[in-house]
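*Asks:* The structure's right below; bear with me while I get my questions together.
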Amino acid sequence: MHDPYHDRDSGSLIQLYYAPIKNNNREMEIEQLEKVAAQVRRDIVRMVHGCQSGHPGGSLGCTDLLVALYFERMKLKEEDGKPVFDMDGKGEDLFFLSNGHISPLLYSVLARKGYFPVPELATFRKLNSRLQGHPTPHEHLEGIRIASGSLGQGMSVAIGAALSKKLNKDDSLVYVLMGDGEQQEGQVWEAAMFAPHHKVDNLIAIIDLNGQQIDGPTAKVMDNRDLGAKYEAFGWEVMEVEEGNDMAAVVKALYEAKSKAGHAKPIMILLHTGMGYGVDFMMGSHKWHGVAPNDEQLAAALAQLEESMGDY
Amino acid sequence: MKKYTFTEKKDTRSGFGAGMHELGQKNPNVVALCADLVGSLKLEPFIKENPERFVQCGISEANMISVSAGLTIGGKIPFATTFANFATGRVYDQIRQSVAYSGKNVKICASHAGLTLGEDGATHQILEDIGMMKMLPGMTVINPCDYNQTKAATIAIADYDGPVYLRFGRPVIPIFTDADQVFEIGKAWMVNEGTDVSIFATGHMVWEAIQAGEQLEAEGISAEIINIHTIKPLDEEAILKSIAKTRCAVTAEEHNRIGGLGDSVAQVIVKNDLVPQEYVAVNDSFGESGTPAQLMEKYGLTAADIVAAAKRAIAKKK
């Protein structure tokens, strides 16, 4: 594998946020990422408010991860500082969202990164929009390579894409994010068995451990118990990150995960996040899994989030 | 009646295996996947020559379908293979979301379709697969009639960009089409021109239709026989041209009468040119254990059933 700290082309947008750990101004870089995350969180609550539907809780909880991936960690195809999208994604890192209901987060990150115009976020979940309730390539939205929403399929898709990279002698990585409630789907365990057996070691999977699902706490609805021990027993390299909403901790974990790639095992990051993180009244409860804020609640949420890149 | 003879009987799944073998040699992007049924799918020659392009998925069909969808990202052409029952009904949602709705270039290749896998019984005898697959927007559905045509179809679908369901089977049946045929997706094949009744058949029911055509000819009835190897997209032009001449239709398929070829043809007839139609199909039931020949007879899928249906259709003509 290549050196995880020296694999970046010098893209212009990315330069702003690119944070080699060896560089002593990393604090500043993390701060920049946090600013992006605050804007993304603003986008999320505004999008969900705008159509009065969608899933703010999980979206807010995974914001730090997706910002770290797209603005710091993933090697992406770019021209003149703008990302260039093609379906095949050869030579670049790929990300798949298996828990498709946190689409507001993915849409915001893709738009803020430059895949499609930021004002298009206003069309989320509305008629004739490319920003469907759950992501799909059917509407030709740049950055989306697979439909997700029906749970449990994304890790299998990511494995397929990772195998494709191996066949193409392409040493870039494939990332996939799943929910913790999603672990209740049987197909997840088919994929969990498959990846170590076929030594899919260019795959970094992440589970959003927010402990909540629609009907209540995951431990109460259908207890996952010790997911780390399960994945280890299946043959995965497992990492656990307690501070999934601490940008520095997330970035560090992603570096570490990458350094583990290419060693015959798929990598699993158990990422502890807070559902609704960043908006105090949405935090830690399953109540905000799939509920939109009203006008008052929107104002209260936005008051807590810095408008760092300009609202759409 | 055009004379059709055969020198050899073979299973259509072996035609698939032969097609895969050839594809392995000529298309470096073709990848085969299987869920613990390599021998049944006749994949050994492909695997022997291209071990790096074979993915053993174990008994995990849902994972296999979604892995196939992922493989297309990067330009691979995955052929996901298992029995028809496990390739469709068991994984309908995976096909729907990861393949059809996502518009992925996945070839779902299903053996042991219909009743004629025989003794394993109804758990393995799917009779609803054509219906499920044709209902998916963007899905192409192909059901070839013999070994040679299955081989040709296998090779043809690799060059077509889009999701395909390719259906074939286990029983040995006569080889009566050309070994060097070019398979054209969506283009019905005129087996025999006739004037009194149109018989639209698919899969190995095409051979039964030929036998029926000969019996009808002996009774002075001229049957037009058309092989509908592609159920979707359907060759409506060929159907309309034929019924314009014969003014009645019979459809023949090893599938539930609900949702199969018969219903597809009926839609064309109802919308364009009302003529009587008779179905030869399984009458909305599950199958059971037995030999293929016994099952074909019990469930009404023989040449004699086609002859009877043709006479009923002709009798209803105005």
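*Asks:* With runs of 4+ DSSP H residues as the only contributors, calculate the mean residue ellipticity of chain A at 222 nm using -39,500 (n - 2.57) per run, divided by the residue total and rounded to the nearest 500.
*Replies:* Result for chain A: -11000 deg cm²/dmol, rounded to the nearest 500.
*Asks:* At 25 °C and 0.890 mPa s, grab the translational diffusion coefficient of the range B:1-42 from Stokes-Einstein with a Kirkwood Rh over Cα pairs, rounded to a whole number in µm² per second.
*Replies:* Estimated diffusion coefficient is 197 µm²/s.
*Asks:* Let me ask something else about it. Helix-only estimate, please: 222 nm mean residue ellipticity of chain B, summing -39500 (n - 2.57) across DSSP H runs of length 4 or more and dividing by its residues, to the nearest 500.
*Replies:* Per the formula, -10500 deg cm²/dmol.
*Asks:* For the range B:10-73, place one equal point scatterer on every Cα, skip the solvent, and apply the Debye formula. What is log10 of I(q)/I(0) at q = 0.18, 0.19, 0.29 Å⁻¹?
*Replies:* One equal scatterer on each Cα of the range B:10-73 leads to -0.64, -0.71, -1.29.
*Asks:* Let me ask something else. If the viscosity is 1.567 mPa s and the temperature 4 °C, what Stokes-Einstein diffusion coefficient in µm²/s follows for the range B:8-175 when Rh is the Kirkwood radius over Cα pairs?
*Replies:* Details: Rh = 15.3 Å.
So the translational diffusion coefficient is about 85 µm²/s.
*Asks:* Which distance in Å, rounded to a whole number, links the C-alpha centroids of the range B:228-275 and the range A:242-300?
*Replies:* Result: 54 Å between the Cα centres.
*Asks:* If you find the alpha carbon centre of the range B:195-219 and of the range B:6-55, how far apart are they in angstrom?
*Replies:* Answer, in whole Å: 31.
*Asks:* Another question about this same structure. What are the extents of the Cα atoms of the protein assembly as shown along their three principal axes, in Å, largest first?
*Replies:* 93, 53, 49
*Asks:* What residues qualify as long-range amide H neighbours of B:ILE231, i.e. H under 5 Å apart, gap of 5 or more or another chain, H built at 1.01 Å from N?
*Replies:* Here B:VAL141, B:ILE142, B:ASN143 satisfy the definition.
*Asks:* Suppose we keep just the alpha-carbon trace of chain A; what are its Rg and Dmax in angstrom?
*Replies:* Taking only Cα atoms of chain A, I get Rg and Dmax of 18.0, 53 Å.
*Asks:* Please determine, in degrees from 0 to 90 and to the nearest 10, the orientation of helix B:236-246 with respect to the longest principal axis defined by the Cα atoms of chain B, where the helix direction is its Cα long axis.
*Replies:* Relative to chain B, helix B:236-246 is tipped by roughly 20 degrees.
*Asks:* Here is a further query. Give me the percent of DSSP beta bridges within the protein assembly as shown that run antiparallel, rounded to the nearest 5.
*Replies:* Details: 12 of 67 bridges.
Beta bridges within the protein assembly as shown, antiparallel portion: roughly 20 percent.
*Asks:* Then there's this: How high is the relative contact order of the range B:189-310, in percent, counting Cα pairs under 8 Å that sit 6 or more residues apart?
*Replies:* Values: 220 pairs, mean separation 36.0, N = 122.
Dividing the mean separation by the residue count of the range B:189-310 yields 29 percent.
*Asks:* Now for a separate question. Helix B:147-158: angle to the longest alpha-carbon principal axis of chain B, degrees 0 to 90, nearest 10?
*Replies:* Roughly 50 degrees between the two axes.
*Asks:* Which aspartates and glutamates have a Cα less than 18 Å from the Cα of A:LYS287, not counting those fewer than 8 places away in the same chain?
*Replies:* Answer for A:LYS287, where 18 Å is the Cα cut-off: A:ASP180, A:GLU182, A:ASP208, A:ASP215, A:ASP295, A:GLU296, listed by chain and number.
*Asks:* Considering all projection directions equally, how large on average is the shadow of the alpha-carbon convex hull of the range B:189-310, in square nanometres?
*Replies:* It is 6.8 nm².
*Asks:* A further question on this structure: Go through A:108-121, A:169-182 and give me the packing order, highest mean Cβ count within 10 Å leading.
*Replies:* A:169-182, A:108-121
*Asks:* Add +1 for every Lys or Arg and -1 for every Asp or Glu among the other residues with Cβ under 12 Å from the Cβ of A:PHE95, and state the total. Write out the running numbers ahead of the final one.
*Replies:* Working: positive: A:ARG73, A:LYS75, A:LYS113, A:ARG145; negative: A:GLU92, A:ASP93.
Every neighbour counted, the sum reads +2.
*Asks:* Beyond 25 Å, how much of the Cα-Cα pair distribution for chain B remains, as a whole percent?
*Replies:* 46
*Asks:* Sticking with this one: Which whole-number percent gives the relative contact order of the range B:8-175, counting Cα pairs below 8 Å spaced six or more residues apart?
*Replies:* About 31 percent, as a whole number.
*Asks:* Separate question: Quick one: which residues, 5 or more positions from A:LEU209 or on another chain, have an amide H under 5 Å from its amide H? H modelled 1.01 Å from N in the peptide plane, none for Pro or chain starts.
*Replies:* Here the answer is A:LEU271, A:HIS272, A:THR273, since their amide H atoms fall under 5 Å of that of A:LEU209.
*Asks:* Here is a follow-up. Give, as a single signed number, the net charge of other residues whose beta carbon lies under 13 Å from the beta carbon of B:GLY138, with Lys and Arg counted +1 and Asp and Glu -1.
*Replies:* With Lys, Arg at +1 and Asp, Glu at -1, the net is +3.
*Asks:* Using only Cα atoms and rounding to the nearest 10 degrees, what angle (0 to 90) does helix B:12-26 make with the longest principal axis of chain B?
*Replies:* Between helix and principal axis, roughly 50 degrees.
*Asks:* Follow-up. Whole-Hz Karplus ³J(HN,Hα) for the range B:302-311, in order, using 6.51 cos²θ - 1.76 cosθ + 1.60 and θ = phi - 60°, x for Gly and Pro?
*Replies:* Going residue by residue, I get 9, 4, 4, 5, 5, 4, 4, 5, 4, 5 Hz, with x marking Gly and Pro.
*Asks:* Next question. Out of all DSSP beta bridges with both ends in the range B:189-310, state the antiparallel percent to the nearest 5. It would help to have the intermediate numbers written out before the result.
*Replies:* On the way: 3 of 17 bridges.
Within the range B:189-310, antiparallel bridges account for around 20 percent of the total.
*Asks:* Follow-up question, since we're still on this one. Exceeding 22 Å between C-alpha atoms, which entries from my cross-link table qualify? They are A:LYS166/A:LYS252; B:LYS48/B:LYS104; A:LYS77/A:LYS166; A:LYS113/A:LYS265; A:LYS199/B:LYS42.
*Replies:* Over 22 Å apart, Cα to Cα: A:LYS166/A:LYS252; B:LYS48/B:LYS104; A:LYS113/A:LYS265; A:LYS199/B:LYS42.
*Asks:* Could you tally the net charge around B:TRP189, taking each other residue with its Cβ under 14 Å from the Cβ of B:TRP189, Lys/Arg +1 and Asp/Glu -1?
*Replies:* -4
Read the figures in this text as sums done on the coordinates, not as results from a lab. What you are looking at is a predicted structure, and each value in this text was computed from that prediction instead of being measured. Reconstructed Cβ throughout: ideal geometry from the backbone, glycine too, with neighbour counts over all protein chains shown.
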